[in-house]
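The values are calculated or read from the model by the stated rules, or taken from the named source; none is laboratory data. From a predicted model like this one, the values you see are computed outputs, not experimental measurements. Virtual Cβ from ideal backbone geometry, glycine too; neighbours counted across all protein chains shown. Just so you know, the surface numbers come from the protein's heavy atoms only, side chains and all, with ligands and any DNA or RNA stripped out. Shrake-Rupley method; radii C 1.70, N 1.55, O 1.52, S 1.80 Å.
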Amino acid sequence: MPGILLTMERKNPAPGVLCLSIALVTALLLAGCTGPIQGGSPANQVPPGGQNPSAGPKDRLLVATTTSLSDTGLLDYLERIFENNYAIDLQVTSQGTGKAIEIAKRGDCDLLVVHSPAQEEDFMEAGHGINRRCFAYNYFIVAGPADDPAGIRGMEPKEAFRTIIGKGKSGTPGVFFVSRGDNSGTHNAEKNIWNATGYNYTSEVRRSGAWYIEAGRGMGETLQLASEKGAYTLTDEGTFLTYRGRLDLVPLIDKGDILLNIYSVITVYTEDHPVEKITMANNFVNFLISPEIQAAIGEYGREKYGKGLFTPMSGGCLRFGCDCTTPASATRPSLSFT
Amino acid sequence: MNEIFDGFVQAFQLIISLDPEILEITARSLLISLAATGVASLVAIPLGGLIHFREFGGKRGLITIIQTLYALPTVVAGLFVFLILSRAGPLGFLGLLFTPVGMVIGQAVLIIPVLVGMTLVALSGVKKAISDEVQALGATSSQAIWTILKEARFALFGGIILGFGRAISEVGAAMIIGGNIRGSTRVLTTAIALETSMGNVAFSIALGIILLCIAMVVTAALFLIQER
């Protein structure tokens, strides 16, 4: 700016431009300058607890999570409990699992709460995360219109997918499948099923006809799209139960090991992440696997939907081959990947 | 139709009951977009003046680029600022990603081209008619500039209102840079996107009505200022 001012003074009386423009925007700025700060820290309402060394604004911990977890409201619910116990401003941004993992890789969040085991393993192996713990599960379900034009009700999942693609490709009226199409955990689960069914997802399923619709949206929006189109879709049970009242869809298939949907929490690690931040994030991991919170997760939604939206691991995760009991204490990746 | 009507009824109930969450989101939207408009004006109006009052090679080309950027998609502006503010990016050490300050930067980047362009239009609108006369009457250069700017103020305010309108109504940059975090970066547009995706039509309509009301109040306020 000084440079501009000087050149302008020499040449002609452009300072007038500056004067007026400053006058024009002063009022705006007066209102504006304080904005971001007020908006940014609704933190100081709660007195800082023992965790916080100073009386200043609380430290923030940013969780990147999937739309299926936040659309059910579970994280909002847990956030309140966590903030009552720790003097931390827990913030949640909800993205598809693919995007959430990308944000975590860049070091832009402190915790990852997702449900895509293969992607999580890649993430861990690349050294981006520590203390991966599974904390809850439910089952994906195949939902569709009540008249079931492909006739998949009661089938085993792979058989159902084979039937949908067969009838879809041959143009059976009313047979559509809506995919998340956003590289989310649910989308990856869907790809898994296609591949397990014997179809190459990229070459044989995508772009194979009008029957296969890629939504590119979150779970809630995808369900609404499927409902509008009278199409089949793969959804996590929690989001489906949350949205069920607004949908013309019924659950058609909800059994089969391939439909298992495991949620995990990971502390994000980068070399720039301060140890204090990682320790705070570990507190959240330990919070999620603690017996009280496990019980709270199991109860979540039971009153409203008649059954819990998530089943807590409650220590019984050996059969899933994941860890849900070891306290999160590491502050850097160990050589043998956890 | 019923759904739309019910949505409006519930929307007015929500507005009248002064739902605290709606108030909070509204205040945040207003502050962020006003701040962005202020920052953008501070940069764009002097810049526009500089381009207008000085002759230099490539001026026409520069103006064409600025006008092209009117069409800058909000998600592209958002992605650009995201990459810069990300911890892995050049300004990552500031820790501004997923904060309201980051959103102000994103919206400012988005509307600076529009404001520079409108400043140019405003200034060139008065040049021929007034400035010759002012200078012929023997006014010093700074007086001449002042007069020109006073003449241009209506168009300048028009530009600021346009910029504010683009800032408060955009959703792409706010979503990518802010992350739609409840209690921190959730603004009217990202909340509308979220509530719509969750099927809460009434809430979405209420937020939409509020957004338009804010635009009306701010526009009216700026109009009053410029009349003085």
Computed accessible area, B:Val39, all protein chains, 1.4 angstrom probe, square angstrom: 60 Å²
Inter-centroid distance (Cα atoms) of segment A:185-257 relative to segment B:73-137, Å: 42 Å
List A:Asp71, A:Asp323, A:Asp248, ordered by accessible area with a 1.4 Å probe, largest first: A:Asp248, A:Asp323, A:Asp71
Neighbour net charge for B:Pro113 - beta-carbon separation under 15 angstrom, K R +1, D E -1: 0
A:Leu252 long-range amide H proximity, modeled H, under 5 Å: A:Val142, A:Ala143, A:Gly144
0 to 90° range, to nearest 10: angle between helix B:201-227 axis and chain B longest Cα axis: 20 degrees
Between segment B:172-192 and segment A:289-321, the alpha-carbon center distance in angstrom: 30 Å
Anchor A:Lys158: aspartates and glutamates whose Cα lies under 14 Å away (excluding residues fewer than 8 positions away in-chain): A:Glu190, A:Asp254, A:Asp257
Chain B: angle of helix B:100-126 to the longest principal axis, Cα-based, in degrees nearest 10: 40 degrees
Cα long-axis angle, helix B:20-53 against chain B (0 to 90 degrees, to the nearest 10): 20 degrees
Relative contact order of segment B:20-185, pairs being alpha-carbon contacts under 8 Å that are 6 or more residues apart, as %: 36 percent
Rounded to the nearest 10 Å², the accessible area of B:Thr147 at probe 1.4 Å: 50 Å²
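For A:Met219, B:Met118, give me the order by solvent-accessible area with a 1.4 Å probe, most accessible first, ignoring ligands, DNA and RNA.
Solvent-accessible surface, decreasing: B:Met118, A:Met219.
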Set of lysines near A:Lys58 by C-alpha distance (under 21 Å), chain-local residues within fewer than 8 positions excluded: A:Lys277
222 nm mean residue ellipticity, helices alone, for the protein assembly as shown (DSSP H n ≥ 4; -39,500 (n - 2.57); rounded to 500): -17500 deg cm²/dmol
Alpha-carbon centroid distance for the pair segment B:1-50 / segment A:67-102, whole angstrom: 25 Å
Proximal aspartates and glutamates to A:Lys99, defined as alpha-carbon separation beneath 15 angstrom and excluding residues fewer than eight positions away on the same chain: A:Asp108, A:Asp110, A:Glu120, A:Asp122, A:Asp182
